[in-house]
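Chemist: Before anything else, here's the structure in question.
The values are calculated or read from the model by the stated rules, or taken from the named source; none is laboratory data. Here the structure is a predicted model, which is why all the values come from computation and not from measurement. When we count neighbours, we look across all protein chains shown, and the Cβ atoms used for this are built from the backbone with ideal geometry, even at glycine.
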């Protein structure tokens with residue numbers, strides 16, 4: 001059985017001027033256009049191909065790498081718009097269609113949007129939807145506190161950033177003030193703070209516990225070396241200034257400074273911190 005919109009391993013049946021025909025089982029033969037056929041291919045060879053629908057809605061196989069496959073959440077760019085919806089570039093000859101009914105707000109040419117890729121149950125076409133909430137798994141995941149996860153940022157809110165976690169669950173990275181560099185479409189490593197009763201995840205963009213402060217302590221030491229041994233930041237520095245310079249919260253910065261001071265790596269001066277043995 002063919003997995004539409006996904007990678008398949010199919011045997012070559014025959015060659016024609018149009019390309020190679022692959023054995024699609026019950027669906028019949030599937031054309032792999034000749035631009036994807038190599039001289040090393042022979043009848044009977046099994047090839048790994050991505051199967052989707054061409055402009056005439058016929059099954060077609062390609063060796064091109066799509067930017068997303070069925071079941072994926074991805075950030076894609078709008079290639080063109082018509083009276084029916086938007087068409088997003090996803091790495092294949094035929095663009096991915098997102099009907100107006102599946103857009104949270106009207107998509108604009110050149111804009112980047114996070115969508116879910118799936119097969120429409122009525123038309124059997126591969127389409128995208130920007131209504132992310134409809135496609136997230138609502139079953140509570142079994143993530144212990146501190147688990148490192150993949151997070152795709154899909155919306156900014158007053159509380160922080162909504163994210164798709166491990167291509168499956170919904171999560172929220174709290175405290176957007178400390179993560180000002182995050183943008184919709186970014187993929188980041190995040191850490192599970194807790195699993196809420198509704199199945200959604202509270203996330204942190206920084207590791208939890210003492211490892212979090214130890215990791216940044218090493219980063220801060222390297223920053224000091226690269227800055228010539230002195231940085232004009234103390235525990236009195238503004239939290240936003242710390243976040244802009246180092247990408248961490250003030251709490252993380254203070255704990256890292258404390259770790260380095262305890263280890264006698266730095267000395268604390270009225271206007272900053274310095275590596276021991278270094279002069280301003």
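Chemist: If I filter the stretch 102-115 for residues that are without any contact (Cβ under 8 Å) to a residue 40 or more places away in the chain, part of a helix (DSSP H, G or I), surrounded by 13 or more Cβ atoms within 10 Å (Cβ to Cβ) and not assigned by TED's automatic domain parsing to the domain that holds residue 174, do I get at least one hit?
Modeler: Scanning the stretch 102-115 turns up at least one residue that is without any contact (Cβ under 8 Å) to a residue 40 or more places away in the chain, part of a helix (DSSP H, G or I), surrounded by 13 or more Cβ atoms within 10 Å (Cβ to Cβ) and not assigned by TED's automatic domain parsing to the domain that holds residue 174.
Chemist: Which members of the stretch 29-44 meet the condition of being exposed (fewer than 12 other Cβ atoms within 10 Å of the Cβ) and not in a helix (DSSP H, G or I)?
Modeler: 38, 39, 40, 42, 43, 44
Chemist: Could you check how many residues of the stretch 45-67 are assigned to a loop (DSSP other than H, G, I, E, B) and without any contact (Cβ under 8 Å) to a residue 40 or more places away in the chain?
Modeler: 9
Chemist: Right, something else. Out of all the residues in the stretch 194-234, which are more than 26 Å from the chain's Cα centre (by Cα), modelled with pLDDT of 80 or more and surrounded by fewer than 19 Cβ atoms within 10 Å (Cβ to Cβ)?
Modeler: The answer is 218, 221, 222, 223, 225, 226, 227, 228, 229, 230, 232, 234.
Chemist: Still on this structure, please answer the following. For the stretch 264-277, does any single residue satisfy the condition of being over 17 Å from residue 205 (Cβ atoms) and at pLDDT below 85?
Modeler: yes
Chemist: What is the one condition in (1) surrounded by 15 or more Cβ atoms within 10 Å (Cβ to Cβ); (2) in contact with a strand residue (DSSP E or B) (Cβ under 6 Å, 6 or more places away or on another chain) that residue 187 does not satisfy?
Modeler: Here residue 187 meets the rest and fails (1).
Chemist: When the stretch 235-271 is examined, which residues are found to be surrounded by 12 or more Cβ atoms within 10 Å (Cβ to Cβ) and on the phi > 0 side of the Ramachandran plot?
Modeler: 247
Chemist: Among the listed residues 4, 96, identify the single one that is at pLDDT 95 or above, buried (at least 17 other Cβ atoms within 10 Å of the Cβ) and closer than 20 Å to residue 112 by Cβ.
Modeler: Answer to the selection: 96.
Chemist: Same structure, new question: Go through (1) farther than 25 Å from residue 79 by Cα; (2) in contact (Cβ under 8 Å) with a residue 40 or more places away in the chain for residue 163 and report which single condition fails.
Modeler: Every listed condition holds for residue 163 apart from (1).
Chemist: Now a separate question. Identify, please: which residue in the stretch 238-268 is in a strand (DSSP E or B) and touching a residue at least 24 places away in the same chain (Cβ under 8 Å) and is, among those, farthest from the chain's Cα centre (by Cα)?
Modeler: Per the criteria, the residue is 268.
Chemist: Separate question: Could you list, in sequence order, the residues of the stretch 68-77 that are within 18 Å of residue 109 (Cβ to Cβ) and surrounded by fewer than 19 Cβ atoms within 10 Å (Cβ to Cβ)?
Modeler: 77
Chemist: Evaluate the following for residue 156: is it under 17 Å from residue 249 (Cα atoms) and touching a residue at least 24 places away in the same chain (Cβ under 8 Å)?
Modeler: no
Chemist: Please state which of the following conditions residue 137 fails to meet, knowing it meets all the rest: (1) more than 26 Å from residue 7 (Cβ to Cβ); (2) part of a loop (DSSP other than H, G, I, E, B).
Modeler: Result: residue 137 fails condition (1) only.
Chemist: Please specify each residue of the stretch 239-257 satisfying the condition of being in contact with a helix residue (DSSP H, G or I) (Cβ under 8 Å, 6 or more places away or on another chain) and more than 15 Å from residue 206 (Cβ to Cβ).
Modeler: Within the stretch 239-257, 240, 257 meet the criteria.
Chemist: Moving to a separate point now. For the stretch 215-237, what are the residues that are outside any helix (DSSP H, G or I) and in contact (Cβ under 8 Å) with a residue 24 or more places away in the chain?
Modeler: Matches in the stretch 215-237: 228, 229, 230, 231, 232, 233, 234.
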